[in-house]
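The values are calculated or read from the model by the stated rules, or taken from the named source; none is laboratory data. Predicted model, so just to flag it, every value in this text is computed and none were measured. So basically every Cβ, Gly included, is an ideal-geometry build from the backbone, and we count neighbours across all protein chains shown.
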Amino acid sequence: MTIFVASLFLPKTIHFNLPGTSPRGAQRPRPKRMVSTADVGTDLGTSAIEKPSLFSPIPDITPPKTPTEDDEKAIFANEDGFAIPFFDDEIRHGSPTDKGSPKWGAMANQPLSRASSPPPALLSEHSRTLEKARELGRQGIKQPQPQIRSDSHDRVFAHANWRVVNADQGNGGLRNAADAAARDGKIDDHFWIGTLGMPTDALQGTQQKQDIEDHLATEHNMLTVFCSDKDFDGHYTHFCKQVLWPVFHYQIPDNPKSKAFEDHSWKYYVNVNQAFADKIVANWKRGDSIWIHDYHLLLVPSMVRKKLPDAKIGFFLHVAFPSSEVFRCLAIRKQLLEGMLGANLIGFQILEYTRHFLQTCSRLLAVEAATDGLQLEDRFVDVIYLPIGIDPVYLNERRGAASVRNWIQTIRERYKGKRLIVARDKLDHVRGVRQKLLAYELFLNKYPQWRDQTVLIQVALSSSEKSDLDATVSDIVTRVNSSWANLAYQPVVYLKQDIDYPQYLALLAVADALMITSQREGMNLTSHEYLYCQDGAVLPEKKHGSLILSEFTGTSSLFGGAQLSINPWDYRQCADAIKQALEMDDEEKEKRWKQLYATVINYTGSHWFTEFLSKLDHVYEGQHRRDQTSVPRLSVTNVARTYSQSKRRLFILDYEGTLVSWGPMNQIIPVSTQRTLDVLNDLLLDERNIIYVMSGRRPEELDRVFRRVPNLGLIAENGCFVKQCGQTAWGEMADSEQIRSWKDSVKGIMTYYLERMPGAVLEERRCSLIFHFKGAEDLETAVRLASDCASHVNDACEAQRVHAIPMDGFILVEPIDWTKSTAANHIFEDLRANASAESPSEAEHNKDPIDFLIVVGDGREDEKVFKWANGLGEQGAIRDVVTVSVGKRGNTEATSTMTQGVSGVLSVLEKLALS
C-alpha cells in the first residue's frame with residue numbers, strides 16, 4: 001500500500017548549473033559592511049565587521065538589506081550542505097502558517113517565469129482596467145510588466161546540467177513529521193506529490209523535463225506536478241495569498257481588490273488543483289491512501305473523488321479555519337467547502353477550527369453536522385482535530401552541535417546581567433510584531449525599575465508583501481531605543497533578517513521569556529521548540545523560562561493555562577505579562593514548564609503523522625462498511641429461518657417511509673392503509689411477538705392511526721414519548737422542564753427568521769419544533785435564511801442540549817438526549833427486567849429473554865437505532881439481530897438493505913406472520 005502525500009511544494013527542487021553562476025552553497029567572499037549596535041554579539045557570523053564609534057549617536061538599529069542566498073552566514077544550511085534562505089516559520093520547524101516564498105524567477109540558477117502579474121482582467125472590465133492603468137501612469141506609478149524572456153534563455157535551461165537540492169519553500173512541519181515517522185519505522189512506502197516551486201514553462205516539451213520527472217520519481221519517491229507559470233502565479237501569488245490567506249486569518253481584503261483577485265485568479269486555482277488531482281488519479285491503485293494538505297489544494301479531494309469513488313482520501317488544513325461569518329465573505333465559499341468534503345477524513349489543528357468548519361458547512365451547505373463529522377446525502381465525512389508537533393529527536397541532535405554551544409557562550413557574555421525576551425516572527429500584520437513592540441514600550445514606561453535590565457531581541461523575517469508595517473515597526477523600535485538606550489544598553493535588538501539555525505537554538509536556550517503575539521495562527525511551533533530547548537541540557541544550569549503566548553494561536557489551546565496567555569490588542573495585559581514572566585519565582589517557573597513540556601513531548605510530528613493515517617484507515621473501513629453498495633440485500637429466507645427458531649421476538653419498525661408512504665410532517669395522517677394494519681395484527685396474533693412502531697409524529701396522531709391495532713407499542717416524537725404494549729397511557733421520556741426552557745429560546749430565534757420568510761410555518765410539538773420553509777414565497781432566499789437559522793440555534797442553544805437539523809424543506813429542532821435509540825433501549829431493558837421477574841402463572845414464552853430483534857427504518861434518525869441494535873448483537877445480549885435500511889441511501893449502519901420500499905417491507909412482514 002502506498003501513501004500519497006500531496007502538498008503544493010515538493011521537499012526537493014532543481015537547481016541548474018549555468019555559466020557564470022556559482023553552485024548553490026559555494027563559498028563567496030563577503031564584503032565588509034557597517035553594522036549597528038544591534039548586530040554586536042548577535043550578528044550572523046561575519047568575519048569582518050566594523051563597529052560604530054562609541055561617540056556616534058545611537059545608530060539605526062535596522063540592519064542592511066537581508067542577505068541573498070549566497071551570503072552563507074545569513075542563512076540556514078540544509079542536510080546536503082547547501083544554503084537555504086529562510087522565508088517562513090514553516091521552512092525549518094514546520095509551523096503551519098503562511099508559506100512565504102521568494103519571487104519566482106529571482107534565482108539565477110532557476111528559470112524566469114512567463115506569467116504576467118496580475119492576471120489579465122475580464123473582457124468586460126478590460127477598457128476600464130486600461131483607463132485606470134493610464135491614470136496611474138500619469139501619476140508616476142510604474143505598472144508591473146511581464147518578464148521578458150528570450151529563446152536563448154529557454155535553450156540554456158533545456159540543456160544545462162542540473163541537480164536535486166532541498167527546496168526552500170513548503171511545509172517544513174509536514175516534511176519533518178513524515179521523516180520522523182519513517183525514521184521510527186511507522187510508515188513504509190510513501191510518495192510526495194507537488195510542484196518544484198519554480199517556473200517550468202522553459203522546460204515544457206523538452207527531454208530535460210522528462211529526465212527530471214523520472215529522476216525524482218525513481219530516486220526520491222516524488223511525483224512532480226507540472227503546471228504553466230501563468231496558472232501557478234494566478235493560483236499561488238494571487239488567489240492563495242491575496243484571497244484565501246487573509247480570510248483564513250480573519251483579515252477581509254478590501255472589496256474592490258478582493259473581487260478583482262477572485263474574478264481573475266479563481267480559474268487558475270481550479271487549474272492547479274485539477275493538475276494535482278490528475279496526477280493522483282494517474283498513479284493511484286486500489287488500497288492506496290491519499291493525503292492532501294492545506295489551503296492551496298482545497299478542491300483536490302472532490303476532484304479525485306469524482307474519478308475514484310472508492311479512494312481513501314484524507315485532507316488536513318494546517319492554517320486556522322475562520323468562523324462562518326468570515327468564511328461566508330468568499331464568493332466561492334460553497335465550491336471550497338464541497339471540494340474539502342470529497343475526503344473521507346478532514347483534519348484540523350484544534351477543536352475550535354473543527355467547530356468552525358462544521359458550523360460553516362451546516363450554515364452554507366445545509367448539511368447535518370454531528371460532533372464527529374458531517375452527514376451528506378450519500379455518505380458521511382468524519383472530521384477530527386489533531387495538533388501537529390515538532391521532532392524532538394532531530395532538534396536534540398542539532399542543538400548538540402559545537403556551534404550552538406559557542407553561540408550560547410557569546411550571547412551570555414554579550415548580555416550578561418540582562419533578562420532576555422526573545423521573539424521571532426514573519427513581518428506581516430498577522431504576526432502582531434507591532435503590537436508586541438508597543439506592549440514592550442508600555443512595559444518600560446510602566447515599570448521603570450526594569451529599564452537597563454531587559455532586552456527584547458526581535459528577529460523579523462522579511463515578508464513578500466510590501467506594506468507600511470515595515471516603516472511603522474522601525475519607527476517604534478527607534479523611538480524605544482531613543483528613549484532608554486545608552487552606551488552600554490539597548491532595550492530592543494531588531495534584526496530585520498533571519499538568523500542561522502545555531503543562533504536560533506542558542507537564543508531559545510538562554511532566553512528568559514519567549515513572546516508570541518500573533519493575531520491569528522494555525523499553530524505556533526516556535527513555542528514548542530523554545531520549551532524543549534529550556535530543559536537545561538545545553539546549559540550549565542537549568543533554565544525554565546516563561547512563555548508569553550497569544551490566545552489566538554492554535555498552540556494556546558493545548559497548554560492548559562500553564563503559559564502566560566495574552567490578548568495582543570490589550571497592551572496593558574501584555575506589559576503585565578512581561579513583568580510577571582520576569583518576576584516569577586523559580587518554583588512556579590519549573591512547575592509551569594513541566595506541564596508545558598509534557599504537552600510538547602506528547603504532541604510530536606511523528607505521532608501526528610501516524611495517528612492521522614491510522615484514523616483515516618479506521619474511518620474509511622467504517623464508511624465503506626456502511627456504504628449501501630457494500631451492505632448485502634436482505635435475505636428473506638434467512639430471516640424467516642431465524643424468526644421461526646426464536647422464542648421471543650422484538651420488532652421496532654419505523655412509520656413514515658417504512659410502513660406507509662411518507663407524508664408531510666405538518667399534516668396529520670387521518671388513516672393508515674388497511675394492508676399495514678392487517679400485517680401488524682397478524683404478527684401480534686403470535687404471543688411471542690412484541691412490536692413497537694416509532695415515529696416523529698405526536699402521540700395523539702399515532703393513537704388515531706393505530707387505534708385498531710391492540711397490544712401495539714408506540715414511540716412518538718422520535719423517542720420523547722413511549723406507550724407500552726397493551727397500555728393506553730403514554731410515558732414521557734423527556735424532561736418537560738428542560739423542554740420548556742429551550743423552547744422559549746429557540747422560538748425567539750425562529751420567529752426572527754419567520755418574519756423574513758413569507759409563507760414559512762413554525763410547527764410546535766411537545767418536544768420539538770419544526771420550521772417549514774418549503775412553501776416560502778422566495779424559496780432561494782428561504783433556503784439561505786434557513787441555514788442561518790439552524791446555525792444560529794446550534795450556536796446559541798448548545799448548552800441546553802438541543803440541536804437543529806436541516807432537512808429537505810424544513811428544520812427540525814429536537815433534544816439531543818432523547819432519541820429513538822434511547823427509547824428503544826428503555827423498552828429492551830424493561831422487557832429484560834420483566835422477563836426475569838415473571839411469576840410462574842404467566843405464559844411460558846414471557847419468561848424467555850429476547851432472542852430475535854429486527855429493526856426496519858429508512859431515515860436519518862433510524863441510524864442510531866440500527867447502531868444500538870447491532871451493538872446488542874455484538875455484545876451477545878441478543879442471539880439474532882436484523883437491521884434493515886429501506887430505500888436508496890448513501891450509507892447506513894444497517895446490516896442489510898431493501899430497495900423495494902414500503903411494499904417490500906410489508907411483504908417480508910407478511911411472510912414472517914405466516915412462518
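Right, K446: of a type outside the set (S, T, N, Q), in the same structural domain as L539 (by TED's automatic domain parsing) and in contact with a strand residue (DSSP E or B) (Cβ under 8 Å, 6 or more places away or on another chain) or not? Considered against the rule, which asks whether it is of a type outside the set (S, T, N, Q), in the same structural domain as L539 (by TED's automatic domain parsing) and in contact with a strand residue (DSSP E or B) (Cβ under 8 Å, 6 or more places away or on another chain), K446 comes out as no. Looking across region 629-644 at every residue that is in contact (Cβ under 8 Å) with a residue 12 or more places away in the chain and surrounded by fewer than 14 Cβ atoms within 10 Å (Cβ to Cβ), the one that is farthest from the chain's Cα centre (by Cα) is identified as S644. I193 meets the stated requirement of being part of a strand (DSSP E or B) and either at pLDDT below 90 or more than 19 Å from F16 (Cα to Cα) (or both). Of everything listed in (1) more than 29 Å from N567 (Cα to Cα); (2) in contact with a strand residue (DSSP E or B) (Cβ under 8 Å, 6 or more places away or on another chain); (3) crowded, with 23+ Cβ neighbours inside 10 Å, the single unmet condition for W407 is (2). Within region 209-238, residues that are assigned by TED's automatic domain parsing to the domain that holds L298 and assigned to a loop (DSSP other than H, G, I, E, B) sit with their Cβ atoms under 6 Å from residues that are among the aliphatic types (A, V, I, L, M) and surrounded by 21 or more Cβ atoms within 10 Å (Cβ to Cβ), at 6+ positions apart or across chains, in these pairs: C227/V272. Residue count for region 722-735 under the criterion of being without any contact (Cβ under 8 Å) to a residue 12 or more places away in the chain and either part of a helix (DSSP H, G or I) or of a type in the set (V, I, T) (or both): the result is 1. Check region 752-765 and report whether any residue there is surrounded by fewer than 21 Cβ atoms within 10 Å (Cβ to Cβ) and part of a helix (DSSP H, G or I). There is at least one residue in region 752-765 that is surrounded by fewer than 21 Cβ atoms within 10 Å (Cβ to Cβ) and part of a helix (DSSP H, G or I). Of everything in region 363-379 that is of a type in the set (D, E, K, R) and not in a helix (DSSP H, G or I), the residue that is nearest to L558 (Cα to Cα) is D372.
The C-beta contact set for region 519-536 (first residue among the hydroxyl-bearing types (S, T, Y), second residue at pLDDT 90 or above and in a loop (DSSP other than H, G, I, E, B), distance under 9 angstrom, 6+ apart or interchain) comprises S527/F559; S527/Q563; Y530/A511; Y530/G545. The residues on offer are D378, D382, and the sole one that is surrounded by fewer than 18 Cβ atoms within 10 Å (Cβ to Cβ), in contact (Cβ under 8 Å) with a residue 24 or more places away in the chain, farther than 29 Å from A506 by Cβ and of a type in the set (D, E, K, R) is D378.
When the test is whether a residue is assigned by TED's automatic domain parsing to the domain that holds P806 and part of a helix (DSSP H, G or I), K747 passes it. Collect the residues in region 397-411 that are without any contact (Cβ under 8 Å) to a residue 12 or more places away in the chain and closer than 26 Å to W608 by Cβ, keeping them in residue-number order. Across region 397-411, the qualifying residue is only E397. Filtering region 149-190 to residues that are in a helix (DSSP H, G or I), within 25 Å of E397 (Cα to Cα) and not charged (D, E, K, R) leaves G172, G173, L174, N176, A177, A178, A180, A181, A182.
Might you check whether a residue that is in contact with a Pro (Cβ under 9 Å, 6 or more places away or on another chain) and not assigned by TED's automatic domain parsing to the domain that holds R183 occurs anywhere in region 607-626? Within region 607-626, one or more residues are in contact with a Pro (Cβ under 9 Å, 6 or more places away or on another chain) and not assigned by TED's automatic domain parsing to the domain that holds R183. Within region 634-670, being under 23 Å from I715 (Cα atoms) and at pLDDT 90 or above holds for R648, R649, L650, F651, I652, L653, D654, Y655, T658, L659.
For region 689-724, how many residues meet the condition of being of a type in the set (K, R) and surrounded by fewer than 16 Cβ atoms within 10 Å (Cβ to Cβ)? Working first, answer last.
Narrowing region 689-724 to residues of a type in the set (K, R): 697-698, 704, 707-708, 723.
Cutting the leftovers down to surrounded by fewer than 16 Cβ atoms within 10 Å (Cβ to Cβ) gives us 704, 707-708.
Total satisfying the criteria: 3.
The residues on offer are G197, G205, and the sole one that is within 29 Å of the chain's Cα centre (by Cα) and over 24 Å from G389 (Cβ atoms) is G197. Of all residues in region 603-659, which are over 25 Å from R175 (Cβ atoms) and among the aromatic types (F, W, Y)? The answer is Y643, F651, Y655. If you go through region 339-362 and keep only what is part of a loop (DSSP other than H, G, I, E, B) and either under 9 Å from the mean Cα position of the chain (by Cα) or of a type in the set (A, V, I, L, M) (or both), you end up with L341, A343, Q349, I350.
If we scan region 513-532, do we find a residue that is in the same structural domain as D428 (by TED's automatic domain parsing) and surrounded by fewer than 19 Cβ atoms within 10 Å (Cβ to Cβ)? Step through it out loud before you land on a result.
To start, the set of residues in region 513-532 that are in the same structural domain as D428 (by TED's automatic domain parsing) comprises 513-532.
Narrowing the set further to residues that are surrounded by fewer than 19 Cβ atoms within 10 Å (Cβ to Cβ) leaves none.
Checked region 513-532: no residue is in the same structural domain as D428 (by TED's automatic domain parsing) and surrounded by fewer than 19 Cβ atoms within 10 Å (Cβ to Cβ).
Can you name the condition, by its number, that V430 falls short on among (1) in a loop (DSSP other than H, G, I, E, B); (2) modelled with pLDDT under 90; (3) among the hydrophobic types (A, V, I, L, M, F, W, C)? Checking V430 against (1) in a loop (DSSP other than H, G, I, E, B); (2) modelled with pLDDT under 90; (3) among the hydrophobic types (A, V, I, L, M, F, W, C), the one that fails is (1). Could you grab me the full set of residues in region 623-639 that are touching a Ser or Thr at 6+ places or on another chain (Cβ under 7 Å) and not aliphatic (A, V, I, L, M)? Once the filter is applied, which keeps residues that are touching a Ser or Thr at 6+ places or on another chain (Cβ under 7 Å) and not aliphatic (A, V, I, L, M), region 623-639 yields H624, R626, Q628, P632, R633.
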